[in-house]
Every structure is written in structure tokens, then in C-alpha cells.
Amino acid sequence: MTTLVFGHKSPDTDSTGSPIIWAWYLNQIKGVAAKPVLLGEPNTEALFMLERWNLDKPQIISDLAADTPVVIVDTNNPAELPNNINNAEITQIIDHHKLFGGLETKGPIEIRVEPLACTATIMWKMIGKDMAQMPESVKGAMLSCILSDTLEFRSPTTTQEDKGVAHDLAKDLGVDISAYAAEMFAAKSDVSAFSDAELLRMDSKQYEVDGKQFRVSVLETTSPQQVLDRKDTLMAAMPGVASEDGADQVLLFVVDILNEEATLLVPNDLVKSVAEKSFDAAVGGDTVVLPGIMSRKKQIIPNLKV
């Protein structure tokens, strides 16, 4: 049976590229029939990556047949996976997030979780000398994943290992990192085709904080004003999205990649309280700027308080 390789729902560049990388490795190096799949439509940056490196967009799936062999990458959170994930045969987990618990396996498996900025960096280490056989297209996906997750090394999650692997790949591919990252971020920043609800879900993860369910959405952009110009309609769409997704509130952080800061939309007193308690911010209107805040994983989620 073919092993399905996938990341989290609302797939970003890492959750689009890493399944492609690992499925290549399983197929070509390990001799295991494998197929990359997605748990939703990829974002605009991920679509740019696929087109730039002439990669096919993986099939989008919503559920799994019982006992399907799967490899989970870039998450270990059951809330970000198919509802029936524990009916699958999980064979491997490769991730760089904190452990959530709740996944159940049918036997002992290989789990690789490291405090690196990107899943693809972990894969580069695991693939080792077999990287020499990897085609340029898959190496391009790997470089894209690292530049995306590190925000071209601006994110505080960035490690020297992430940087070293990215520079190694860029040299191998003949790619100028700054120029290529600028193209990626420009693609990520063009959100004009998306509805407000789609934007709120585009790069979002659900977390519980002190009994409150939050959908924590992050939009990383080099053109923050394009998003902030829509703040009134975005805030108006938040209650509906929260209700449909079983959350109490949507928190939207607009991350300005170039100025290395985030703007949090503040639609009500609950979010005002979250901003003040979590980030020691003085809130005077319906937005608040949070200097230096770039990473949901390292700076936003760990600090959230109600």
C-alpha cells in the first residue's frame, strides 16, 4: 500500500514542500512506495514554489481510509490532521514543533523532532549523503521551505543549521538567496484574490489558552498595508470564522517581514486583554504594533494569556 506523506491543514510552504521531499526520499532511496498529499489548498507562496521548480501540486485529501500508512511532517498536533488520523497506520513523524500528544500509533515508530526552524532542515540531515541524488526541483523545494520558515533568517526560530543548509542548497542550485526570498515573499504578500474568511484561515492554527479556544492566524507579508486596509472587513468576518471552526476568537497577526514587527487586530475587549497581558502592549485602538514579534511558534503561542 502506498504511504501518504502530509503536513498540517492550511498548508504553508514547509507543509507543501516537505511531503514532496520525503516522498522522493522514500520512493527513490528507501524503495518505499510513497505519495505527497496536502490537507488543503496551499498558500500563494507555496504555489509559487511549485511553479518555480516545476513540481506537481500534490493531491488534496480530507480523510483517510483505515490502516493507510502515513508519514506526518511539520506537525504532531491532532487538531491539524484528519479527524480519523488515529485510524491510520502512522509510520513516522518528522517535526520541529512542541509535542502536543493525542496521536496513537499501532506500533513503535521513528519520531524525529528537533528545535530547528524548518522541517526540511531536519530532512536534509536525515537524508545525508543521499542528497547527492536529489533532483534540483526537490532541492529547490527544500531551499524554499527553509527560507519561508526562517523568513530569510529573520525569524528568531532560525538556527545556524538552518542557515548552513540553506546556503549549501543555494550554492548548489546557483540561486541568490536574497533575490529568491524576495520573489517568494512577494508571492506570499499578494492576497488580493482571497476573501476575508480565507485570509483568516490561510496560515492559522488552533490553540487553547486558559479555557479559551483561539484560532491564531499569521499573515507574513512585505506589504502589510494591503492586509491592514481590509481590517474592518477582516474583523467583521472573525465571529463567523470562529463560530464555524469551534473557536472563541480569531487572533490575526500581520507580520511585517521587512520591519520585523507584527500588527495585531483588536476587534474587542477580549483581544485587547490578550494583547496587554501577553505582550505588555498599550492598546489604544483597533490595532496594536508589536515590535520584534515574528514567530507564532516561539513568540506568540508561548506568551498567550487571557
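In terms of the Cα gyration tensor, with a ≥ b ≥ c the square roots of its eigenvalues, is segment 97-208 rounded because a/c is under 1.5, prolate because a/b exceeds b/c, or oblate?
Here segment 97-208 falls in the oblate category.
Under a cut-off of 13 Å between alpha-carbon atoms, report the aspartates and glutamates in cross-link reach of residue 298, not counting same-chain residues fewer than 8 places apart. Here the aspartates and glutamates satisfying the reach criterion relative to residue 298 are 149. In segment 1-108, Cα pairs under 8 Å separated by at least six residues give a relative contact order of 28 percent. Counting pairs of alpha carbon atoms under 8 Å apart in space and at least six apart in sequence, what relative contact order in percent does the chain give? In percent, rounded to a whole number, it is 13. Pairs from the table (231/305; 205/305; 212/272) all lie within 25 angstrom of each other at Cα.
Here the chain carries DSSP beta bridges of which approximately 40% are antiparallel, counting only pairs with both residues inside. Quick check on the chain: helices-only [θ] at 222 nm, where DSSP H runs of length 4 and up contribute -39,500 (n - 2.57) each and the sum goes over total residues. Nearest 500, please. -11000 deg cm²/dmol, from helical runs alone.
Extension gain for residue 129-residue 106 works out to 5.2 nm (0.36 nm per residue, less the C-alpha to C-alpha distance).
The stretch between residue 83 and residue 286 holds 69.6 nm of extra length on full extension. This uses 0.36 nm per residue minus the Cα-Cα distance. Computed extension length for residue 277-residue 99: 61.6 nm, one decimal, from 0.36 nm per residue of separation with the Cα-Cα distance subtracted. Two numbers describe the Cα atoms of segment 74-116: Rg and Dmax, which are 10.1, 29 Å. Highest GNM mean-square fluctuation among 111, 20, 122, for the chain modelled with Cα contacts below 10 Å: 111.
Modelled label positions at residue 260 and residue 56, each set 7 Å beyond Cα in the direction of Cβ, lie 4.2 nm from each other.
FYI, it's all coordinate maths here, none of it is from the lab. This is a predicted model, so every value here is computed, not measured. Ideal geometry is used to build each Cβ from the backbone, glycine not excepted, and the neighbour counts take in all protein chains shown.
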